[in-house]
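Here the structure is laid out as structure tokens; the discussion comes afterwards.
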Amino acid sequence: MPSAPQHAPTRRRPARRTTLLSLGAAAALAAGGLAVLAGNAGAADVNLLADGGLESGAAGSWSCSADTGSVVDSGAHGGTYALKGAVSASDTAQCGQTVSVRPGTEYTLSAWVQGRYVHLGATGSGTTDPATWTAGGADWQQLSTRFTTGPATTSVTVYLHGWYGQGGYLADDIALTGPGGVNPATPPPSST
């Protein structure tokens, strides 16, 4: 008796429509995520420091202890000028700048530094004041830290300094990025 013919297994074609819908949904989610990231990045990309790149050629925006800071036109990280701190055995050559910020807001503080034991930080944040440092050396290194201001904070003081007896330092491309604040020295407009 002849046996029943055997049939080759049938191959199913994947549902093309479902695949296309899945790819379309993934693309839409990715585009939405990118739009959210771009919107957040744009709001945080403002450098609130005056002359953070030192390109004015003067230290006028930066206040330095005992006249230990100057702007030099050689060895800059970016552009032409850099801030030079003349550290001694009795002075860390701290240079700072006070800037307006918003309460309860996240900020990123960064700088390119060259030298030994260079510190970067901020005071008056209303929370834990941020600080970072590097043992450093002859090469440029980027320091960066993040912090959130307290609920009543309207200004912070950004600072850089070296360490006693460790030689001078250079700093350049210093930035405090995040939303701008209200100038605490400016009274609010009167309502009439």
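FYI, it's all coordinate maths here, none of it is from the lab. Predicted model only: the values in this text are computed from it and were never measured. Counting neighbours? That spans all protein chains shown, and the Cβs are built from the backbone with ideal geometry, glycine included.
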ask   = Do we have A135 as touching a Pro at 6+ places or on another chain (Cβ under 9 Å) and closer than 23 Å to G165 by Cα here?
value = no
ask   = What number goes with the only condition from (1) buried (at least 19 other Cβ atoms within 10 Å of the Cβ); (2) on the phi < 0 side of the Ramachandran plot that R102 does not pass?
value = (1)
key: In region 116-174, the residues that are touching a His at 6+ places or on another chain (Cβ under 6 Å) and either of a type in the set (D, E) or closer than 22 Å to P103 by Cβ (or both)   = D172, D173
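Report yes if Y164 is buried (at least 19 other Cβ atoms within 10 Å of the Cβ) and closer than 29 Å to D73 by Cα, otherwise no. Lay out the reasoning, then the answer.
On the way: buried (at least 19 other Cβ atoms within 10 Å of the Cβ): no; closer than 29 Å to D73 by Cα: yes.
No: the conditions fail for Y164.
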Every residue from region 111-127 that is at negative phi and assigned to a loop (DSSP other than H, G, I, E, B) = S125, T127
task = Please specify each residue of region 128-158 satisfying the condition of being under 18 Å from the mean Cα position of the chain (by Cα) and in a loop (DSSP other than H, G, I, E, B).
result = T128, D129, P130, T149
message = If I go through region 101-121 residue by residue, how many of them are more than 19 Å from A76 (Cβ to Cβ), small (G, A, S) and out of contact with any Phe, Trp or Tyr (no Cβ under 7 Å at 6 or more places or on another chain)?
response = 1
message = Report every pair of residues separated by at least 6 positions or lying on different chains whose Cβ atoms are under 7 Å apart, first residue within region 60-82 and free of Cβ contacts under 8 Å to residues at least 24 places away in the same chain, second outside any loop (DSSP other than H, G, I, E, B) and surrounded by 19 or more Cβ atoms within 10 Å (Cβ to Cβ).
response = S70/K84; V71/L83
key: Residue list for region 61-99, restricted to those being surrounded by 21 or more Cβ atoms within 10 Å (Cβ to Cβ), more than 15 Å from W112 (Cα to Cα) and among the hydroxyl-bearing types (S, T, Y)   = T92
request  = Please work out if T123 is surrounded by fewer than 17 Cβ atoms within 10 Å (Cβ to Cβ), among the β-branched types (V, I, T) and within 24 Å of V46 (Cα to Cα).
outcome  = yes
